[in-house]
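The block underneath contains the structure these notes are about, expressed in structure tokens.
The values are calculated or read from the model by the stated rules, or taken from the named source; none is laboratory data. A quick note: this is a predicted structure, and the numbers were derived from the prediction, not measured. Methodologically, a virtual Cβ is constructed for each residue, glycine included, from the backbone with ideal geometry; neighbour enumeration extends over all protein chains shown.
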């Protein structure tokens, strides 16, 4: 068997490669914690209420929901962000996205109700849809390597918080019937 040029490079630089792999593991953990730090920002918003619940789905997704938006054992309406990972914010993966999502037996009815509410808001008109439980999808901006300081300063988190606030304030009086 003949090793490729890339594999030989790995063998020749294994100590550095190993450090890089360990650094990446730590970086991914910190990236997830950066996303989780959005909770503190949300708790300090004047629109935040004790009716809201912050949830960590995984290291790449968080969402909020209202306690009275529950059906059975799960939330039926989520306002969240998903795919919040380096590849989606800096790389070639599909961009991270904010969303309004419904689930449960009545997700289509709830989604139609929410679409009717949101259609009157110009800021949502380019993000409305009705597909697989999604009511809104807004792609987050991508950053270049040179823009990393802007990213770590929290501009990405502020974009998410702004979306959460606008959506929540638009639908917060909605009651599941």
- Query: Of (1) in contact with a helix residue (DSSP H, G or I) (Cβ under 8 Å, 6 or more places away or on another chain); (2) under 20 Å from residue 101 (Cβ atoms), residue 143 satisfies all except one. Which?
  - Reply: (2)
- Task: Kindly check whether there is at least one residue in region 10-22 that is more than 22 Å from residue 139 (Cβ to Cβ) and part of a loop (DSSP other than H, G, I, E, B).
- Result: yes
- Task: Please state which of the following conditions residue 33 fails to meet, knowing it meets all the rest: (1) free of Cβ contacts under 8 Å to residues at least 60 places away in the same chain; (2) within 29 Å of residue 132 (Cα to Cα); (3) surrounded by 11 or more Cβ atoms within 10 Å (Cβ to Cβ); (4) out of contact with any helix residue (DSSP H, G or I) (no Cβ under 6 Å at 6 or more places or on another chain).
- Result: (3)
- Per the list (1) loosely packed, with under 12 Cβ neighbours inside 10 Å; (2) without any contact (Cβ under 8 Å) to a residue 24 or more places away in the chain; (3) over 20 Å from the mean Cα position of the chain (by Cα), residue check on residue 17 breaks on (1)
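Inside region 42-79, can you point out the residues that are surrounded by fewer than 12 Cβ atoms within 10 Å (Cβ to Cβ), modelled with pLDDT of 90 or more and not in a strand (DSSP E or B)?
43, 44, 46, 49, 50, 51
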- Query: Any idea which residue in region 154-177 is modelled with the lowest pLDDT, counting only those that are in contact with a helix residue (DSSP H, G or I) (Cβ under 7 Å, 6 or more places away or on another chain) and in a loop (DSSP other than H, G, I, E, B)?
  - Reply: 176
- Message: Can you tell me how many residues within region 91-150 are within 17 Å of residue 169 (Cα to Cα), surrounded by fewer than 13 Cβ atoms within 10 Å (Cβ to Cβ) and in contact with a strand residue (DSSP E or B) (Cβ under 8 Å, 6 or more places away or on another chain)?
- Response: 1
- Could you count how many residues in region 124-153 are in a helix (DSSP H, G or I), under 16 Å from the mean Cα position of the chain (by Cα) and free of Cβ contacts under 8 Å to residues at least 60 places away in the same chain? 0
